[in-house]
Structures are given as C-alpha cells and as structure tokens.
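The values are calculated or read from the model by the stated rules, or taken from the named source; none is laboratory data. This is a predicted model, so every value here is computed, not measured. Cβ placement follows ideal geometry from the backbone for every residue including glycine, while neighbour counts extend to all protein chains displayed.
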Amino acid sequence: MLSRLSLRLRIFLMFAALAFVLLVLIAAGALIIARELDDPGLVVGGAALPAFGVLGFVTWVWFLFDQNVARPIETLAGSLRTGAVPGAQEGAYLADLAPAARAAAAARARESERLAEAVRQHGEDLLREKSMLESILSDIGAAALMVDARGRVMFYNGAAARLMPGLALDRDLARALRPGAVEAARTRLGVSGQDGAATGAGAPPATTGLVCFTTAGERLHGQMSALGEGRGHVLILRPARETSERALRENTEVLRRSAASLIPLLGELDGPVPPLVAEAIRSEASRLAGALRALAPPAEARGPVAERVRAAELAGSVRGVAGSRCTGDFLIAADGGAIAALLGDLAVRLVESGRPAPDLLLEDGGADTGALIRLSWAGEVLSVAMLDRWLEHAPDPDRPDQSGAELLAEMGSSIWPEIVGDGQAALILPLPLAPLDAPGADHGAALTYDFGLGGREGGEGLLSRLTCVVFDTETTGLDPAAGLVQIAGLRITNGRLTGERFETLVNPGCPIPPRATRVHGITDAMVADAPGAAQALRAFHGFAEGAVLVAHNAPFDMGFLRRDAAGAGIAFDHPVLDTVLLSAMVWGQASSHSLDALAGRLAITIAPERRHTAMGDAEATAEAFLRLIPALEAKGIARIADVTAEAARHRRLLEDANLSRSAEPGTEGDKDSDAARADPPGG
C-alpha cells in the first residue's frame, strides 16, 4: 500500500507518525503526573510547552529532510530515468549519492553517444539506398500505398497524399477509399479481410486489377499486390479519366484549330465580303473557339503532379515580352522551365515576323477553366499554319530533340491564335491548375511510412505504440472570450515522428491585443485572410482523427478547442495526454514543469524565434513526450490506462484534461499557472 505513494509523501507520513507518538507520550506522562498532584491545570499547562516544542522541532526536521533529501532523490531518480545529467547543486546533502548519480548519468550519455555514432556509421549505406528508393517512389507519378492485414496504412507517397485527402499512417484505408472494391480485390487475392490469412486452396494470384473510388467520389484504377500471408498488400493507383480526357483533348483540338482558322481566312477571300457577313463569321468563329476552350482543358490536375510552378515565378522568367502580370497567386501544373522557354521562343518569333513584342498575362480561371496564358499584341492575328511551323522547332535548349508541339503534347495541352478585341490578337495556352492540399495539411517528406505498424499486435494502449497528435495553440489571451490565432500539430506513430504536420493561422474575428502579439508575434494583418475557427478546427479534427491528443498543459488548449468545436459541428472527444502531468509523474510536483524547464532537463533546444509559435512549441512538446516515455515505463507507467490512474494522485495540483471537458478555456491550467508552473500567456 505505502509502496504506491511517492517518497516525499511516505517521509511526511513517517514524521507525522513520529510527532503523533511523541505527543501521545507527553500526554500520557502529563496524565500520570496529574493524578499525583492536586492541580491538573498546572500539569496541562506545563505539558503544552514541550508538546508544541516537540511538534515544531519534528516539523522543522521534516522540512529539512524533505528539501535536502527526499526532493533531491526524486529529482535524481527522474534524471537517471531520462538520461539527463543532474545539476551540480542537486543533492548536495546526499554525500556520495549525488556525485554517483551525476557520474552514472554522464556515463550513460557517453555510451549513448558512442552507440549513436556506431549506428550512424553502420547505417550509412542503408540510408543511401533508402534515399534512392524514396526518390524513385516519390516521383513515379502514381499513388503508391501499403496497408497491413487490418487495412491500416503503413506507407504512402506524396502522389497518394494529394490524390486521397485524409490519408495518414495508422489510419484505416476506408477513410480515404471506399471499401467495396478494395475488399473485392482482397478476396480475389485470397486474403481474408479479418486476419490476412490465405483462404484459397491453391496459390492466390500475386496481383489483381483494381478500379475503386475515393471517399470524395474520384474514380481510380490500378493494381493491388499481396505482400504475403498475413502481411497486407500494396496498391498502385492512377486517376481513371486520363484516357477519356486525352481523347477529348485530341478531338476538340481539331475543332478548335478549324475555328481559329476561320478568322485569318477572311482576309484571303476573293472579292469583297459584306461587312455584316464578315462580322457574323468572325463572331461565330470567336464563340466557337471560346466554347471549345471551356470544354477541352481540365480545370485542375486532380491526379499526381510531378511539376508545379507558381504563376508569378513563371511570368518573371519569360524572355522577349513587353510586360507580364498575373491575376492572382496560384499554382500551374506544368514544367515551369519548359513553358517559359516555349513562350519566350514564340515572343521572339512574333517580333521577328514584324509584330510588336507581346504582353504576357496569366489568369486563374477558377474551377471551370483552369489557368489561361495569353501572349497578346496589337496587330493582325497569327495564322494557324504559321503557328504550326513555329511549333516544329525546339524552343527549350535543354530539350534539343523535342519540338514545341511535342512539348505541348507531353503536358496534355495546346496553343492557338485568337482575336481578343479591336485590333488585338493573342495566342492562348490553357494549362491545368496544380492541386492544393487541404488547409493546414503538410505531409512533410515525399514518402511517409512506418513498416513497424504491421507487427504491433498486442501492444494496444502502450505509450510507445500509440498514434498521437502533439499540438499547440496560440490565442489572443487567457480569458474565456479569447480567440484562437494559430494551431499546429505533429503526428507520432510507434514512438517516432512520421513527418506528417498540420499548421494554420486562424482569424479570431477580433483584434489581437498588442500584449499577445508580443508573445507569439502574430498580428492582425497575418490572420486577415486566414480561415475562421470553425474551418480551421474541422481541418485539424480531420488531421487528428483516431489519434491521442498530446499537449503541454493540455486543459488550456483543449478548453479552446472544445469551446469552438460545437460551432464547427465536431467534437474533440479524443483521449488526452498532458506533458505537465507526465513530467510531474517523473520528477514530482515540487519541480518546475514549464516547457522551458522540461526542455532544459531533457536537453531539448528550442530556438528563440520558434518559442511561443504553435509549431515550435509543438515540436518541443513532441520531443519531450518521446523522451518521457522510457522514464515512465521505468516507473511502471507503460500504458495510457496507467497514466490515467496515476493522474489521480496529482489531481490536487494539476488538472487532468480528460476530466475537464466542459471547462472554460483559460480557466483550468492556464499557461502561467502557479500549480503547473507552466508557460506565459499565449504560448
């Protein structure tokens, strides 16, 4: 029973028992004397003085013992469990124990360094091969992903992340793909949907074709391959529309070129053409070209895109134009260098043909049109025949064997002449917009994987096996009416950071006080175009789906999330771990548990410019959480259930975020609270 209590509490109980026994002995002696004397009041008065003296002396000795023995022992134990070297003044009254603990911690640190160096040297060749594999798989264009026998994601590349929003490690594939076609393919491979065991009498096929749909309704096609009995499978998928879109582009290109040829041919007709007839022909040809332009190009490259270029960067890299501008900040799905070379070559040829240097305009046509690039000039329109001759040449010196027409065909687009106004002509080049990730989402590296997920059965609830999202928020202040201005999070799976990140500014809908800006550096101008709290929280909720939430002084951050969740139509009912509570479990409640103090004890460096930013603090909290896990396991706190039980012992001073689901934000565990000794406002 007593072994479950902390060392400091056990020592306190020992001294309390000693004081109680001494007071009982004094009272007993006074009672005996009182029976022999005629004045009991005098005896009681005489006994009170030694009683108070004994009580004061025992309390004084307990305080010295607590401050100089019990508390340093707790701190030294925490340091030994985490590998941190204790301070020189820690345990000064513990004789050889403190120097021995420092020596042991220093020796452990040296051994850890030597082991890390040996592992680094031994793994250099493996890392080079891994880098080559990552480069190949991240650039293959197709979406590649691997799932375990339970259907949970172990690996995906950047193309898969763009094609299937909602994809994340240790998340069910059904979150990104509708399960019907996938389950049918598993059956064809002879793989059970329950345990991955082979079910067919004969050997199952190694690969099967697959046509499936994303949860958003996008049709994909590709193949599924079995990894082996009970190990899961690999999917390689592409958008299923590519063939039909290519045929549509080819057919409409024939019509579009015919329409573009009508207008120049007016000047070649024999005999006078009535003005009204010429105008009618010109009008109908322009309408036909415009309709075909709207029909042919895909508005957005929905599939994997290997090349992207920002419109402003492309506009500034084209030579030979009189001027260039963009109608907005957007991404174009194309090889920026090749497009710039093509446009520059056409601009030079226009000047050589006696036309003025053209102006370059890049337009974001939105969801229905895509990106439109115009080279416009004052003068006669260019004939289709002459444009075709120009496109027979290679415009890009880096591709001397590829003509302009071949370059356009590679990008799935084309270019044609048009009359765009009185005395104005142009060359029109449509290109697809590059796909954008969901607000705040960042998949980090081109590849995201943890192959250890496939073999972790039986480890449910272990802290070292949890899938967590470590997050932090920045706010306009500490009062309940304050608003969110930033949210950031990182995903941890199987005890390591996966590289998956979420970060977004948030428009709080009110001015940010200068005092808060001095802490986190976020101004009104920075959040003017940011999403509101509802949109930002929905995006973060999707990122954190199915994960345990981890935060430093979690009741503060969870208060704001839960307050605004109802307005967003969501609920943050995730299990929550608080690194303040975890730190107290390792070092005791008397130590400081601010993020700076915790980082100092665990040798975590926080760059000054990153401190009190949501992502910077989330990164530090994630590192602290990972380094606390071995220390907690050494104390027998290995599962999330153990943390919940242990948290009850600390509830007198530190709030448990799992029990404060209705707490007002800023009222429980404020970031500058004395109880938690946590961080200053807004950070």
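Cβ-Cβ distances below 9 Å connect the following pairs, each with a first residue in region 316-328 that is more than 13 Å from Leu346 (Cβ to Cβ), a second residue that is exposed (fewer than 13 other Cβ atoms within 10 Å of the Cβ) and not β-branched (Val, Ile, Thr), and a separation of six or more residues or different chains: Ala322/Pro356; Ser324/Gly316. Candidates are the residues of region 455-472 that are within 23 Å of Gly230 (Cα to Cα) and in a helix (DSSP H, G or I); the one that is modelled with the highest pLDDT is Arg465.
Can we say Ala19 is at pLDDT 70 or above, touching a helix residue (DSSP H, G or I) at 6+ places or on another chain (Cβ under 8 Å) and over 27 Å from Arg8 (Cα atoms)? Quick ask: steps written out before the conclusion?
On the way: at pLDDT 70 or above: yes; touching a helix residue (DSSP H, G or I) at 6+ places or on another chain (Cβ under 8 Å): yes; over 27 Å from Arg8 (Cα atoms): no.
Against the criterion (at pLDDT 70 or above, touching a helix residue (DSSP H, G or I) at 6+ places or on another chain (Cβ under 8 Å) and over 27 Å from Arg8 (Cα atoms)), Ala19 does not qualify.
One residue stands out among those in region 218-248 that are at negative phi and in a loop (DSSP other than H, G, I, E, B): the one that is modelled with the lowest pLDDT, which is Arg241. Tell me, please, whether a residue that is at pLDDT 90 or above, of a type outside the set (A, V, I, L, M) and assigned to a helix (DSSP H, G or I) can be found in region 381-390. Yes, because at least one residue in region 381-390 is at pLDDT 90 or above, of a type outside the set (A, V, I, L, M) and assigned to a helix (DSSP H, G or I). In this structure, Ala481 does not qualify as surrounded by fewer than 17 Cβ atoms within 10 Å (Cβ to Cβ), over 18 Å from Glu619 (Cα atoms) and within 23 Å of the chain's Cα centre (by Cα). Considering the conditions (1) under 13 Å from the mean Cα position of the chain (by Cα); (2) surrounded by fewer than 24 Cβ atoms within 10 Å (Cβ to Cβ); (3) within 18 Å of Thr613 (Cα to Cα), Asn507 is excluded by exactly one of them, (1).
Can you pull out the helices (runs of 4 or more DSSP H) entirely within region 492-593 that have at least 3 residues that are without any contact (Cβ under 8 Å) to a residue 40 or more places away in the chain and under 29 Å from Thr448 (Cα atoms)? Break it down into steps so the answer makes sense when it comes.
Numbers: elements: 514-520, 524-527, 533-543, 554-568, 579-587.
It comes to 533-543.
Under the condition of being in contact with a Leu (Cβ under 7 Å, 6 or more places away or on another chain) and of a type outside the set (A, V, I, L, M), the residues counted in region 417-433 number 2.
Is it the case that region 614-626 has a residue that's within 30 Å of Arg10 (Cβ to Cβ), modelled with pLDDT of 90 or more, in a helix (DSSP H, G or I) and not acidic (Asp, Glu)? Yes. Leu2 meets each of the listed conditions (1) surrounded by 13 or more Cβ atoms within 10 Å (Cβ to Cβ); (2) modelled with pLDDT under 75; (3) not charged (D, E, K, R) apart from (1).
What are the residues in region 345-380 that are assigned to a loop (DSSP other than H, G, I, E, B), of a type in the set (Asp, Glu) and under 46 Å from the mean Cα position of the chain (by Cα), if any?
If we filter region 345-380 for residues that are assigned to a loop (DSSP other than H, G, I, E, B), which is where we start, we get 353-358, 365-370, 379-380.
Within this subset, residues satisfying the condition of being of a type in the set (Asp, Glu) are 368, 380.
Asp368 - this is the single residue of region 345-380 that is assigned to a loop (DSSP other than H, G, I, E, B), of a type in the set (Asp, Glu) and under 46 Å from the mean Cα position of the chain (by Cα).
A single member of Thr517, Thr523, Thr475 is under 24 Å from Val580 (Cβ atoms) and at pLDDT below 95, and it is Thr475.
Show me the helices (runs of 4 or more DSSP H) entirely contained within region 101-202 in which 2 or more residues are more than 20 Å from the chain's Cα centre (by Cα), basic (Lys, Arg) and at pLDDT 70 or above.
Details: elements: 124-138, 158-163, 179-188.
Because the criterion is at least 2 residues that are more than 20 Å from the chain's Cα centre (by Cα), basic (Lys, Arg) and at pLDDT 70 or above, the helices (runs of 4 or more DSSP H) in region 101-202 that meet it are 179-188.
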